[in-house]
1. Hey, rough spin-label estimate for B:Ile203 and B:Gln22, points 7 angstrom out along Cα→Cβ, what's it come to in nanometres?
2. Along the Cα→Cβ direction, 7 angstrom out, place labels at B:Ser255 and B:Leu271. What is the inter-label distance in nm?
3. Using the Cα centre of the protein assembly as shown as origin and beta-carbon charges of +1 (Lys, Arg) and -1 (Asp, Glu), tell me which of B:Pro499, B:Ala383, A:Thr138 is placed farthest towards the positive end of the dipole.
4. Give a residue-ordered list of calculated ³J(HN,Hα) values for segment B:52-65 (Karplus: 6.51 cos²θ - 1.76 cosθ + 1.60, θ = phi - 60°; whole Hz; x for Gly, Pro).
5. At a Förster radius of 41 Å, what calculated FRET efficiency corresponds to the Cβ-Cβ distance of B:Val351 and A:Ala228, to the nearest 0.05?
6. How would you classify segment B:122-220 from its alpha-carbon gyration tensor, with a ≥ b ≥ c the square roots of the eigenvalues: rounded for a/c under 1.5, else prolate if a/b is greater than b/c, otherwise oblate?
7. Over all distinct Cα pairs, what is the inverse of the mean 1/r for segment A:1-101, reported as the Kirkwood hydrodynamic radius in Å?
8. Please report how far the C-alpha centroid of segment B:164-212 lies from that of segment B:287-324, rounded to the nearest whole angstrom.
Amino acid sequence: MSLTINRTDAIAARPGAVIFDTDNTLYPYDEAHAAAMDASRRKAMRQLSLSPAQFDDAYAKARQQIKARLEGTASSHSRLLYFQRMLEIVGLRTQVLLALDFEQTYWRVFLTSARLFEGVKDFLDDLRLAGIPTAIVTDLTAQIQFRKIVYFGLDHYFDYVVTSEEAGFDKPHEASFALTLEKLGDVRRPIWMIGDNPICDIQGARTCIGAVTLQKAHAGVKVMDGDAAPDAVFGHFSELRTLMRRLLERETERAAA
Amino acid sequence: MGLARWVDDLERHLRLRDPLFQIGLAIRLSLVLLVVPATYGHWFLPFLQNSIAAGAMLDPWAAHQATGLDSHAFPYGVSMYLVLLPLTAIGAMIDGLGGSQAAGAIGLGLTILVLDLTMLAVLQRLRPERPRRLLLLYWLSPIVLFIGYWHGQLDLVPLLLLVLAVLSIRQHLPASAGALMGAAIAAKLSMLIASPLLMIYLIVNKRLRPLLLPFCTAMVGIAAVLQFPLLISPAARSMVLGTPEMDKVYDLAISSSGGLEIYLLLVVYILLMFGAWSIRRISFDLLIALIAIGFLVTVLMTPASPGWFLWPMPFVALIFATARLQTTLIVMLFGFIFAGFHLMRSSGAEVPMLGLDLTLPWADTLGLTERELSIWLSLLVAAGIVTSALLLREGIWRNDYFRISRRPILIGIAGDSGSGKDTLADAMIGLMGRESVAHVSGDDYHHWDRSKPMWQVLTHLNPNANDLYQYQQDVLSLAGGQSILSRHYDHETGRKSKPRRQSSNDVIIASGLHALYHPAVAERCDVRIFLDMDDKLRRHFKIRRDVHERRHKQENVLASFDRRQPDRENFILPQSENADLVFSLRPLHPALLEDASHQDDLPRLKLCARLRRGTPYEQLVRILIGVCGLHVEVVLSHFGGPIDVTLEGDVEPEDVQMAAWELIPNLDDLVTLKPTWQGGTNGLMQLLVLNQTAYALRNRLA
């Protein structure tokens, strides 16, 4: 995958600010999630004598129930709630310590298995040097998203972070985007939204705040066509670096002329 | 979706999008499709195709001999034959339809390309931090390209098996490593050169010794099974063992008396083995460097076939991947000189589509004189020696682990009675391995047994009650690599044992009330730890241990607290000023310690660690928050002052283990094969001590 610009006019000048999604945009989510689930499953086999199928079945049911009950909120993604309910479904009632243990196992393995996409920090550094404000707008609870940001060493790169726990609703609800815009303050140029999800990130940001949308595409990411297509699609952050360098050079040339 | 993910994985491991990769692949594919090396045409293809045509897969050597063709065609073992057969056989079948050799050559070339790609993926996995440099050093190496695709040698097969064996060793899979090594030897006997180095690596690293037996068993077993055709086939024996290549190792010799000769390669190789043996602990990177040097010395000290020059290349690439660009350029220059020389000197290839026959050495065509070729050869040897010298510099002398492993690591743990010195020492022994640690306890240096009357007038905390001079001598002797004679104090009986010999080791842990008291010991310590404890908590633990475990009377224990206080303040606490790391355990809820109803409960604790200024803590804090989910508070008091880190929260052994792997580069070289990670504050102390040790070792290099 290389950079594809669907709307050249939208990406003709440097942005006023850049908003990033986190999961599966800054790092590949699926591998880390698979490793974390595998560790949790092995723990369940070891400590609770559950078969892999029993664990998967109970976890899937738990996740489905929690999501249905808390749809659209940050807590609907809570691993702690999933594990708590999973333990209840297998007949152990509420096991507080075990639920906490499973949650920590999940996130410990998740984080140590996750690696930032190549070039993320370089791109963020380019934005910093160009004086372009940055923000993260992400679903899930602040506690775990902050842990991730600290772990990846991204805390110094972003000016603002908005989580769906803080905003009250998951993306694509406008609350997260509106709060991000409010935090960024007076931005006079177009805002770029960089994310992987065609609905939550791309359509959400375009509809709610009229953002220019750039989709991070890699294995497992669906890219929409037609009106729902993002303004640009990229596979590697190095491509965004090249794009940004070109835009900044063009701006300098214009200013000189 | 599956295909997309597979491409993503390939992209990550091979860097498919990198222009350097694409250039290397384009060169390879062009050569595979357009070129038929003379070695293919004269030796390998006739051998393989004949074995297929005659249906003589069990003894292809005999089938070949029956044809009366060149007896040097395939001086390799059965594993080489099995790897090369499938794609060549498909090509041969296609050739059978058209009556040419072209498809067979492409099949053989594609086999080499697949092996080459696998080699690159393995190298990228072993050295993920410098992928582009590996592309330059290996993928674009003129030596690799010339040997594999123009001159057409097959050394990549045993070499890949060897590199996979090394990777398996890295992953602590001794049986797989041995099996792969056995297969490498069965493919080409010269791979034996590397096997003693792998064995030395497993022997001198005490923590890895349990891997030696399964490695050797699998190596000998697989090599024996795969060499079986040599036993049953005289043709195989004659072609594989009778190859004149074997005699090249004796070519560089000094004449001795009585018509005897001293074989220089043998002498240098033995010296290399001895050098490897002399290193206290060989890190994985040192092993790589030693294999590279072993192979490079072999090819430089023999009239080596061009294919032999491939042997050191993967290992050279791994070593120089992290070196300066200038070094990479020198290695590439060596490669160009090699390729240039062998274009002139060795057989080449045909380009059937263009009707070009370039199989003869170009020197013949261009009319180069022997003098001119000799100058070129001299350049090649000089470049090889420079590369060897650079290997020594980058791989050995500049290798952090080599430099720090030349003397033992000394960890001093001081603190008051009941502060957890032995617990921490045991926790560190659990990590670093009993086989690698010598522990000296200050308790063994009390002047008198417990029943002696002198304890009525002196406390254990008083330096005069301890033979601190001997303690200092013993610690420094062990730290200098010498053995000591020491007595052991038995807390059950209160008596000291007869003197017994204690050997030095890779790590020395000196714990005791006065471990950092003597300036000479404190100065020599790589890591100085002082264990402090909240006063009430110390009293709580002391009673639990001395009364409940050691069966002392509670009133005596309490009385000794007051009696010890002046000595504690005068002789114990000041040692914290020498410490790099001061641990202080504090109760999370101090009021509960005084609550009689909670006296039997284990109090919940937080760990306060005071780090000396300059100690790296930023990454530690990130990992403790991110991976372990702890609450971490960092306070920098004033300029030049220490860093106070307070850690609260539950932490499991798995958290500590993962945090350590994230935090400490090359942790594998520091801890034992199956380290015992602890949870709670002990686990956090393990992590902080490892962090401090890694920092101290890096400082040794400064």
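1. 5.1 nm
2. 2.3 nm
3. It is B:Pro499.
4. Result, rounded to whole Hz: 6, 5, 7, x, 9, 5, 6, 9, x, 5, 5, 4, 5, 4.
5. 0.20
6. Taking the square roots of the gyration eigenvalues as a ≥ b ≥ c, segment B:122-220 is oblate.
7. Averaging 1/r across every pair of different Cα atoms and inverting gives 16.4 Å.
8. Answer, in whole Å: 17.
Read-outs: derived from the displayed coordinates by stated rules, not from any lab. Quantities reported herein were computed from a predicted structural model and do not represent experimental measurements. As a convention, Cβ positions derive from the backbone with ideal geometry for all residues, glycine included, and neighbour counts pool all protein chains shown.
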